[in-house]
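A short worksheet on the structure shown next.
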Amino acid sequence: DQQVKQNSPSLSVQEGRISILNCDYTNSMFDYFLWYKKYPAEGPTFLISISSIKDKNEDGRFTVFLNKSAKHLSLHIVPSQPGDSAVYFCAASAFDPPPLYGGSQGNLIFGKGTKLSVKP
Amino acid sequence: DTEVTQTPKHLVMGMTNKKSLKCEQHMGHRAMYWYKQKAKKPPELMFVYSYEKLSINESVPSRFSPECPNSSLLNLHLHALQPEDSALYLCASSQELGGVSSPLHFGNGTRLTVT
């Protein structure tokens, strides 16, 4: 049972336009979300993160939006560049047990990834 | 350039062989991880070490044996593997175990083929 879902296996965007990658989750205990980018033959590279106390985090061309009520997050890349072509993984984790009880952050659960192709 | 170095990049081994995967980081991170990734699947956690002690073992078969000799090194010893163990094995590290400012830094992985 997938707790983190990336329903689009692939996305193709023209250079200069916006890329929007979506991610849905089912576990309401998740409180920390990350996006990783992966090129072929390389390990995933951390891109941007957001904690559940925020609804937006921006870093240069990359912005992550979190909608807790919809259990949905998205990664916006503006403007898209050919070098952004890669597989993007959404990941989530939760404190287990909650921090009040001395819990530590649990396992990072990854989605299956979305392959982004940015065409010149 | 990745700051987490994994060797070898590729490994082919028979089911009776014993081999080891190595991982090294010099970022002063105190948590290190082994992930396994099959083709077109997300990375799956295998083991977590925090301050050189095994913190998490995700019910991994005993033919995989992790070792953390010091805070910079993480090994994965392999023995009597099965062909279905063929996968990309990713090492990662983070400043601490968990916490909102401790994203994982991944190595480029070892592509393992078991024949």
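The values are calculated or read from the model by the stated rules, or taken from the named source; none is laboratory data. These numbers were taken from a predicted model, which means no experiment stands behind them. When we count neighbours, we look across all protein chains shown, and the Cβ atoms used for this are built from the backbone with ideal geometry, even at glycine. Surface areas here come from the heavy atoms of the whole protein model, side chains and all, with no ligands, DNA or RNA. Shrake-Rupley method; radii C 1.70, N 1.55, O 1.52, S 1.80 Å.
All C-alpha to C-alpha distances of the stretch B:1-44, sorted into 10 Å bins beginning at zero, yield P(r) values of 19, 45, 32, 4 percent in whole numbers. Solvent exposure of chain B amounts to 49 Å² per residue of accessible area, where only protein heavy atoms count and the probe is 1.4 Å. The residues of the stretch B:41-60 listed by number as losing at least 10 Å² of accessible area in the complex, against the isolated chain and with a 1.4 Å probe, are B:Lys41, B:Pro42, B:Pro43, B:Leu45, B:Ile56, B:Glu58. Within chain B, B:Cys68 have no other Cys Cβ under 4.7 Å of their Cβ and so lack a disulfide-compatible partner by this rule. The B and A chains share an interface that buries close to 1500 Å² of accessible area, total over both sides, probe 1.4 Å. Which trypsin sites (Lys or Arg not before Pro) does the stretch A:7-59 hold that lie in a coil by DSSP with at most 14 other beta carbons within 10 Å? Counting only loop positions with at most 14 other Cβ atoms within 10 Å, the trypsin sites (Lys or Arg not before Pro) in the stretch A:7-59 are A:Arg17, A:Lys54.
Annotation: per residue accessible area for chain A equals 50 Å², rounded to a whole number [probe 1.4 Å, protein chains only].
Within the straight-line cut-off of under 20 Å between alpha carbons, the lysines reachable from A:Lys37 are A:Lys5, A:Lys56, A:Lys112, A:Lys115, A:Lys119, B:Lys9, B:Lys36, B:Lys38, B:Lys40, B:Lys41, sequence neighbours fewer than 8 places apart in one chain being disregarded.
Just round it to a whole percent: the fraction of Cα-Cα distances in the stretch A:1-70 exceeding 14 Å. Result: 68 percent of Cα pairs exceed 14 Å. When its C-alpha radius of gyration is set against 2.2 N^0.38 Å (N residues), chain A gives a value of 1.07. Using a 1.4 Å probe on the protein heavy atoms, what percent of the accessible area of the protein assembly as shown belongs to carbon and sulfur? Roughly 50 percent, rounded to a whole number.
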